[in-house]
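Novice: Below is a structure I'd like to ask you about.
The values are calculated or read from the model by the stated rules, or taken from the named source; none is laboratory data. Because the structure is predicted, anything quoted here is derived from the model rather than measured. A quick note on method: Cβ atoms are made from the backbone with ideal geometry, for glycine too, and the neighbour counts reach across all protein chains shown. We work out accessible area using only protein heavy atoms, side chains counted, and drop any ligands, DNA or RNA first. Shrake-Rupley method; radii C 1.70, N 1.55, O 1.52, S 1.80 Å.
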Amino acid sequence: MGNLLGSWRFREPSTVEECDSTWGSDSESDEPAAEDDSGISDSVSPTESDRIGDTSPQLIDSPESVPKMKRSFYAARDLYKYRHSYPNYKRSRQPNEYRNLRFYLNKIPLVPDGIYIEEILSKWRGDYDKLEHNHTYIQWLFPLREQGLNFYAHELTQDEIKEFQSTREAKRRFVAAYSLMLDFYGIKLLDKSGNVARAPNWQERFQHLNESQHNYLRITRILKSLGELGYEAFKAPLVRLFLEESLCHNTIPNMQHSVLEYYVYTIRLPATRRRLLRYARQHYRPSHAFLWGPPPKRRGGGVGTAGSVGAGSSGIRAPAPTPEQQRREEESTTSTSTRSRIIVSSHDAVMCQDLAGGGLKGCTGSGSNMAGLEEALMLAGARGGRNEYNEVVPLGRHERRTG
């Protein structure tokens, strides 16, 4: 059982916004020396930096043509805990109980199948049926500091992570295991920096990956494990490839939700997440339904002023207002705020004139903001609230567990 760290207790975030620090230190330059969420340094490969741009997308569909969406609080909280090294949880083991390290040193087999790591690396490559239908090996190949679906697998500890990262033989086999799974997904590992590309059999494997969506959980686990065992820099190239294939080439369209809601947020460095999300926003369709930021710019305490681009907007910047227009807008905002509890950007305006008794009188809106209005009312005390296991919309194709 985990133990709390003394008398100090970490307060868990209660909203998606509290979980997501991606845009909290937003800047035009995105300095590579910025610190990540956990205090672990990271760098972005030059290849990735050169490829990811930030241009405004074109509006191609109307807000009324798409279903209302909202971000998953469960996903945001899960990735927040991972990036912050699982606050409040501490567990120790004796060195001879380091099951994950001993497995990678080929000293013990995985349980319950009794298979050693060397057999997997030498005989399973290219055996796609076995990799698809066996569900016990993934927790041993990619261990985490959280329990997976194989309860015979052991969770990592901080001491074991340190030992693993200093053991050359274990690290060599770990990279080989990563390469084996990439091949299963139709991807090849290009170099020691983690750069990836399509494998020769990518068409067949991408089609399979688009249809076999339980592998999306496996990929979340793989990305998390890369960060735990010293390969944080390997994440961005793989996430970038999945963004490109799912958004640009439409080869894995069913993966879009998992990439944006889970894979991007396994990356600890906010600057890297921002660059990936800017790339995604450029290619996401319909563009006004993009939920992952950046938030509306703040000017003088207001939200969504002219010229800002935020989640749920079309991404097309409006011309700068004249002084007279700005004065009228400020007067209108001040006047409206006395009558309404909720103010959002003018693009997806939601004005609620009467919130008495938890009602929705006089409310109009479009896009994802109505879902946000429902959540605001629930937080304000309206009856019939829903918890994170009963989201306003389904979580999509990505299941809740991490494999």
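Novice: How many nm is it between the label spots at Asn134 and Glu18, if each spot is 7 Å from the Cα in line with the beta carbon?
Specialist: Here the answer is 4.3 nm between the modelled labels.
Novice: Given the whole protein assembly as supplied and a 1.4 Å probe, what does the accessible area of Val259 come to in Å², nearest 10?
Specialist: Looks like 0 Å² after rounding.
Novice: Give me the count of lysine pairs in region 80-186 whose alpha carbons sit under 21 angstrom apart, restricted to pairs 8 or more positions apart or on different chains.
Specialist: Lysine pairs meeting the criterion: 8.
Novice: Moving on. Near the amide H of Val196, under 5 Å away, which other amide H atoms are found, from residues 5 or more places off or on another chain, if H is placed in the peptide plane?
Specialist: Leu190
Novice: For a protection proxy built on the mean count of beta-carbon atoms within 10 angstrom, sort 227-236, 186-195 highest first, please.
Specialist: 227-236, 186-195
Novice: Using label points projected 7 Å from each Cα along Cα→Cβ, tell me how many nm separate Arg168 and Ala197, to one decimal.
Specialist: Going from the Arg168 label point to the Ala197 one covers 2.9 nm.
Novice: Return the long-range amide H neighbours of Ile187 (sequence gap of 5 or more, or a different chain), with a cut-off of under 5 Å between placed amide H atoms.
Specialist: The answer is Ala199.
Novice: Among 133-139, 237-243, how do they line up by average Cβ neighbours within 10 Å per residue, starting with the highest?
Specialist: In decreasing order of mean packing, 133-139, 237-243 become 237-243, 133-139.
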